[in-house]
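*Asks:* Sharing a structure here in structure tokens format.
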Amino acid sequence: MKKTDVEDYLQEGIYGKKEINPSERRQYLGTLRERVILALTKAQVMQEEGIQELAGEMKAYKEAKLLLNGEVSYRFLSPYKDMAEQEGIHHTTISNQDSETELGAVLTLEYAVDKHDVFLDKQEEPPEHNQEKGILDFFQSLFKEKR
């Protein structure tokens, strides 16, 4: 064995096998961004947002795999698991205590698809009440004459 081979072998034994893009893998529940078809946040999973879009993508990509975040309660993941089983899609719950991610579900492939937009667009929320007017109303109500 060469000296570099021995050093590489020792480094791998001490620190583990080298990974490509470890931070990206932690964020996308163990897969790479280029392989992701659709990603839903934990909040979207809990509110069952994007379930129709996910079902459509499952029908389009029969060889896909659904990765679910183990930090999300089972009762929120259950509809996604049932849908994956119904479509014949393999699903896995990822419970990685070492990483923090906002993603709750990731539909992925074994090869790169490199979709530009993998996140579900947030629905337009109604405009909030103007805060300046709210403050003005508050002060007016304080100094308003009681009749």
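Values quoted throughout were computed directly from the atomic coordinates according to the rules given, and no laboratory measurement underlies them. Just so we're clear, the structure is a prediction, and the values are computed from it rather than from any experiment. Cβ placement follows ideal geometry from the backbone for every residue including glycine, while neighbour counts extend to all protein chains displayed.
*Asks:* For the stretch 1-66, what is the convex hull volume of the alpha-carbon atoms per residue, in Å³?
*Replies:* Working: hull volume 7.9 nm³, N = 66.
In the stretch 1-66, the Cα convex hull volume per residue is 120 Å³.
*Asks:* Starting from 0.36 nm per residue, how many nanometres of slack lie between residue 139 and residue 48 once their C-alpha separation is accounted for? Don't jump to the answer; show the numbers that get you there.
*Replies:* Details: separation 91, 0.36 × 91 = 32.76 nm, distance 4.06 nm.
Once the chain is fully extended between residue 139 and residue 48, it gains 28.7 nm.
*Asks:* Related question: Roughly what % of DSSP beta bridges within the stretch 3-122 run antiparallel, to the nearest 5?
*Replies:* Working: 9 of 15 bridges.
Percentage antiparallel, nearest 5: 60.
*Asks:* Another one. Starting with the highest mean, order 61-68, 19-26, 47-54 by the number of other Cβ atoms within 10 Å, averaged over the residues of each peptide.
*Replies:* On the way: 61-68: 19.1, 19-26: 11.5, 47-54: 16.2.
Ranking the peptides 61-68, 19-26, 47-54 by packing returns 61-68, 47-54, 19-26.
*Asks:* Over the C-alpha atoms of the chain, what are the Rg and the largest Cα-to-Cα span, Dmax, in Å?
*Replies:* Expressed in Å, the Cα Rg and Dmax of the chain come to 23.3, 96.
*Asks:* Just to confirm a number: summing +1 for Lys and Arg and -1 for Asp and Glu over residues other than residue 108 whose beta-carbon lies under 13 angstrom from that of residue 108, what do you get? Intermediate results must be reported in sequence, preceding the final value.
*Replies:* Numbers: positive: 25, 33, 35, 65, 115; negative: 24, 34, 57, 63, 110, 114.
Counting the neighbours of residue 108, the net charge comes to -1.
*Asks:* Would you mind estimating how fast the stretch 44-107 diffuses translationally, via Stokes-Einstein at 37 °C and 0.692 mPa s with the Kirkwood radius over Cα pairs, in µm²/s? Could the numbers behind the result be given before it?
*Replies:* Values: Rh = 11.9 Å.
In µm²/s, the coefficient is 277.
*Asks:* Separate question: Could you please report the charge total around residue 91, scoring K, R as +1 and D, E as -1 over all other residues with beta-carbon less than 11 angstrom from its beta-carbon?
*Replies:* Numbers: positive: 65, 81; negative: 82, 85, 87.
Counting the neighbours of residue 91, the net charge comes to -1.
*Asks:* Across the stretch 3-122, how many lysine pairs, 8 or more apart or on two chains, come within less than 19 Å at their alpha-carbon atoms?
*Replies:* 11
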